[in-house]
Protein chains: 2
Amino acid sequence: MAETDVTDQTYLTDSPSDTQTLLLSLQKLLADPEAQGEVCAFLDGLNDTEIALLLESFPSTERERIWQCVPQSLQGEVLAEIGEEVRSGIMADMPVEAVTNLTQNLPPEDVTELLGTVNPEIKEAVIETLDTPVRDYVETLQGYGENQVGRFMDPDTANVKQGVSLETVQRYVRINQLLDAESQELMVTDKDNYLVGALSLVDLVKQNQEALVDEYMHMPTYLVDTMDTHEAATILRSKELSFVPVVNEAGILVGQLNSSEIMALTRDDADATLLGMSGVKEEDELFAPIRSSAKSRGVWLGINLATAFLAAWVIGQFEAVLSQVVALAVLMPVVASMGGIAGSQTLTVVIRGMAMGQIGGNNRWWLMNKELWVGMIGGAVWGAVVAVVAQIWFENAMITLVIALAILINMTVANVAGISIPLLLKRMGIDPALSGAVILTTVTDVVGFMSFLGLATLLILSV
Amino acid sequence: MAETDVTDQTYLTDSPSDTQTLLLSLQKLLADPEAQGEVCAFLDGLNDTEIALLLESFPSTERERIWQCVPQSLQGEVLAEIGEEVRSGIMADMPVEAVTNLTQNLPPEDVTELLGTVNPEIKEAVIETLDTPVRDYVETLQGYGENQVGRFMDPDTANVKQGVSLETVQRYVRINQLLDAESQELMVTDKDNYLVGALSLVDLVKQNQEALVDEYMHMPTYLVDTMDTHEAATILRSKELSFVPVVNEAGILVGQLNSSEIMALTRDDADATLLGMSGVKEEDELFAPIRSSAKSRGVWLGINLATAFLAAWVIGQFEAVLSQVVALAVLMPVVASMGGIAGSQTLTVVIRGMAMGQIGGNNRWWLMNKELWVGMIGGAVWGAVVAVVAQIWFENAMITLVIALAILINMTVANVAGISIPLLLKRMGIDPALSGAVILTTVTDVVGFMSFLGLATLLILSV
């Protein structure tokens, strides 16, 4: 054992710090326009993931200064790591030679990612320059759709065959320098390259070296290359997997997903749900320029405006009662708002359940029934509370009755809509996280205004 | 190489299927109340994560039938895996002996998880029965708060010392049977147990066996045991880490987080954001009984009701103008709704940025300025669109002017509120994902109604 005099402090301060600390340090350096040398020195100690996150954490002016400091050896990896929007900002107008340089020594899945950003002519030209095995891999990856698992896999797997000893496998790995830094398992294939199992590195090291691979290999959960990434994310997340082999539909091993790819895939999928539910496009990154943010958020605002006018039109049908009883105009938003919240609570729970693969088959009827009751109980309780407040405020028994009933109706409908809308959308092949919220609010607004003002017309105007 | 005649099919159908398929198969079996034997046979082939997810995917009656079939050897692990609510349902009224049996051969972090559910007397009694090393570990873990990293770590790390060859390390691992299935790295510590580096299993296998540990060890990103789990999730997610050592504040190695713990931690953290933004408590699991769901969602509905009444009160201040111009009541929700959507778009982007550690230092001023402009541009564009529709509908220039101005004001305020509210909440130590949405809607409702009806009072009533 080395008896060096090195204390923990020396090591621990050398360690990469958390992202907030990195961000603040870099902000300080960038504040001085002359300090480009210091910025470069700072980036020198960081890895590709850290630099990628920092690039995404600054507006475009600073982003350019940071990019100029990214060590050449990391540029390709950093670009593969960052979001599409930021990448196309950096790669715009990059000449063929520059793109070619970036793709040297880059793993095929990263090359594919980069080539997705450049125009077709540059793509063609760059593929020509790649070495044969990499070019073959890149062409395979390009064959997959943008949302297919195959597009994101690492096609360069480490395989061993059955029937050999662990000791032999270890030697084989060393001689062929098989594993890359992220590997956790060796794939076991038969002579035709069909996946037959996997051997964990832990077992490779820990078990008796004379034992055969067969004794310790297990059948891992695998993904099929043509699978949709959202579906894959559901499996990866629900099984907490950090490494999976990818096979084609015949069962032949074609690649693997390593832990960083899996973390990125599940994270992006969860992000898409969060953003989708608020009507933000994934391209709308935090530091996007004003114009592109305004533009990308416009679609959702436009859809919302249409539904808001639909709700306004519903209200417009009841002008007669509104002009007679102004208290209705005052209380009207309360009915819509309670329905909106109740519905979106259900929607969120359902969408999360879908993301974990928990909803399917006949349990939808159980859930529908449950939400019906939760809605009615909530509607009755909160309807009563609102009735008390309305009675004290307006001292009009009819208004009190009308609002209590309207809240009961709207909250019940809202909860049932919160589960039926995502189920319907899913059946229609539409992502419920993307459009569920806007449809739901439309329903709760329209039902809320219609039940409240409709009941008022019936019970108050006709009296 | 073994020349067996086994085709891919044989193997691949043996592999665990995706969660949806498992769910549907189990549903079919449970439909027959007599088929308990088949249910047990079905569960026999599954692992703890799969069984845990299935248990969470059924209401309590079916859940009990499933639980009765969980193989004894997996019961402890399954319970540690499932959510607190489901667990306490199963463990309610469990006698001391049953809990003691569950904790046998369970890793300390799982024992700690289980003991968090039972009452203090049972906890004491069970801890007494544990073997010394496990008991010590459990007591250490119990010393951490519920949201501290230390509570979730695996305290049983695999350490080696500097200055020895890879070959020696491999022998040492085999003799002491050091690694568990999820390990990806060996920790390197000095004689006082300070963390000085880590050696990946890949390097351990791949590199020249005569080389010293020192040559291939690297300083990994580590976490501190007292760190908040939300902060930890930010680091793990932004760096795509799937394995980290945990040290105490002095730098001494105290544990490690394996990939499944990391995936669970980051997933739960992302879920908390999604649920929090819709006002759903984490305990409100999909298949919770009606009564507990109704109860757990009540808090948020109550808060929302209070803010809805605040908005109603604001409207009530303008009864004079509303009773004269009923068109205002019709258009009023459009103003509030556009502000609400614009604000929540900003809020979502900001909360995601916070979860990635991208917001801090002086970039908040850049973001504030950006959102101000995005809000003004959106407000001007959509205000103009709304004005056209309103003019065609009501043919009243004053109403048209008032609504255009109100939308401009409300959308600008909404976007600025979408960034300032989460920043303020964070500074006050409150989770913005939890309360940001309700505060934001209150602001956009109040500002929307006030600007619209206030401007109408000024411009229409006074004419």
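The values are calculated or read from the model by the stated rules, or taken from the named source; none is laboratory data. The structure displayed is predicted, hence computed values, not measured ones. Counting neighbours? That spans all protein chains shown, and the Cβs are built from the backbone with ideal geometry, glycine included.
Of note:
- Contact map, the stretch B:16-33: residues that are modelled with pLDDT of 90 or more and buried (at least 18 other Cβ atoms within 10 Å of the Cβ) paired with residues that are of a type in the set (D, E, K, R) and not in a loop (DSSP other than H, G, I, E, B), Cβ distance under 6 Å, separation 6+ or inter-chain. Pairs shown: B:Leu29/B:Glu38; B:Leu30/B:Glu62.
- Selection count, the stretch B:266-294, where residues are part of a loop (DSSP other than H, G, I, E, B) and not polar (S, T, N, Q): 11
Yes/no matrix, rows are residues, columns are (1) surrounded by fewer than 24 Cβ atoms within 10 Å (Cβ to Cβ); (2) of a type in the set (S, T, N, Q):
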| residue | (1), (2) |
| --- | --- |
| B:Gly375 | no, no |
| B:Val388 | yes, no |
| B:Ile392 | yes, no |
| B:Ile403 | no, no |
| B:Ala406 | no, no |
| B:Val438 | yes, no |
| B:Thr442 | yes, yes |
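- When the stretch B:211-241 is filtered for residues that are of a type in the set (S, T, N, Q), facing another protein chain (nearest Cβ under 8 Å) and in a loop (DSSP other than H, G, I, E, B), only B:Thr221 remains.
- So A:Gly357, is it part of a helix (DSSP H, G or I), of a type outside the set (A, V, I, L, M), surrounded by 21 or more Cβ atoms within 10 Å (Cβ to Cβ) and in contact with a helix residue (DSSP H, G or I) (Cβ under 7 Å, 6 or more places away or on another chain): no
- Out of B:Glu50, B:Glu34, B:Glu62, sole residue that is in a loop (DSSP other than H, G, I, E, B), outside the structural domain of B:Ser260 (by TED's automatic domain parsing) and of a type in the set (Asp, Glu): B:Glu34
- In the stretch B:141-153, the residues that are closer than 13 Å to B:Val224 by Cα form Cβ pairs under 8 Å with partners that are aromatic (Phe, Trp, Tyr) and surrounded by fewer than 23 Cβ atoms within 10 Å (Cβ to Cβ), at six or more places apart or across chains, as follows: B:Gly150/B:Tyr144; B:Arg151/B:Tyr144.
- Unique match (being crowded, with 16+ Cβ neighbours inside 10 Å and modelled with pLDDT under 90) among A:Glu109, A:Glu81, A:Glu85: A:Glu85
- Residue in the stretch A:253-264 that is outside any loop (DSSP other than H, G, I, E, B) and touching a Leu at 6+ places or on another chain (Cβ under 6 Å) present: yes
- Number of residues in the stretch A:215-270 that are of a type in the set (S, T, N, Q) and either under 21 Å from B:Ile235 (Cβ atoms) or more than 21 Å from the chain's Cα centre (by Cα) (or both) equals 7.
Here's the yes/no breakdown for (1) hydrophobic (A, V, I, L, M, F, W, C); (2) within 28 Å of the chain's Cα centre (by Cα):
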{"residue": "B:Thr132", "(1), (2)": "no, no"}
{"residue": "B:Leu141", "(1), (2)": "yes, yes"}
{"residue": "B:Asp154", "(1), (2)": "no, yes"}
{"residue": "B:Ala158", "(1), (2)": "yes, no"}
{"residue": "B:Tyr172", "(1), (2)": "no, no"}
{"residue": "B:Gln184", "(1), (2)": "no, yes"}
{"residue": "B:Lys191", "(1), (2)": "no, no"}
{"residue": "B:Val196", "(1), (2)": "yes, no"}
{"residue": "B:Ser200", "(1), (2)": "no, no"}
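- Filter result (among the polar types (S, T, N, Q) and either more than 9 Å from every other protein chain (Cβ to nearest Cβ) or without any contact (Cβ under 8 Å) to a residue 24 or more places away in the chain (or both)) within the stretch B:167-210: B:Thr168, B:Asn176, B:Gln177, B:Thr189, B:Asn193, B:Ser200
- Matching option when the condition is within 8 Å of chain A (Cβ to nearest Cβ) and either buried (at least 22 other Cβ atoms within 10 Å of the Cβ) or without any contact (Cβ under 8 Å) to a residue 24 or more places away in the chain (or both), among B:Ala270, B:Ala288: B:Ala270
- Residue count for the stretch A:230-252 under the criterion of being in contact with a Phe, Trp or Tyr (Cβ under 7 Å, 6 or more places away or on another chain) and buried (at least 20 other Cβ atoms within 10 Å of the Cβ): the result is 5.
- One residue from A:Asn415, A:Asn369 being free of Cβ contacts under 8 Å to residues at least 12 places away in the same chain, on the phi < 0 side of the Ramachandran plot and in a helix (DSSP H, G or I): A:Asn369
- Which listed residue, of A:Gly379, A:Gly339, A:Gly375, is in contact with a Ser or Thr (Cβ under 7 Å, 6 or more places away or on another chain), more than 7 Å from chain B (Cβ to nearest Cβ), under 30 Å from B:Gln20 (Cα atoms) and in a helix (DSSP H, G or I): A:Gly375
- Of all residues making up the stretch A:255-267, the number that are more than 10 Å from chain B (Cβ to nearest Cβ) and crowded, with 22+ Cβ neighbours inside 10 Å: 3
- Residue match in the stretch A:108-124 (condition: closer than 30 Å to B:Asn208 by Cα, outside the structural domain of A:Glu210 (by TED's automatic domain parsing) and touching a residue at least 60 places away in the same chain (Cβ under 8 Å)): yes
- Residue that is more than 25 Å from A:Thr117 (Cβ to Cβ) and charged (D, E, K, R), where the choices are A:Glu50, A:Glu64, A:Glu34: A:Glu34
- Filtered by the rule that a residue be closer than 22 Å to A:Leu401 by Cα and charged (D, E, K, R), the stretch A:326-381 gives no residues.
- Among the residues making up the stretch B:142-184, those that are over 18 Å from B:Asn258 (Cβ atoms) and in a loop (DSSP other than H, G, I, E, B) are B:Gly143, B:Gly145, B:Glu146, B:Asn147, B:Gln162, B:Gly163, B:Val164.
- All positions within the stretch A:128-148 that are touching a Lys or Arg at 6+ places or on another chain (Cβ under 9 Å) and buried (at least 18 other Cβ atoms within 10 Å of the Cβ): A:Leu141
- The sole residue among A:Glu113, A:Glu109, A:Glu85, A:Glu97 that is farther than 25 Å from A:Glu282 by Cα, not in a loop (DSSP other than H, G, I, E, B) and not hydroxyl-bearing (Ser, Thr, Tyr) is A:Glu97.
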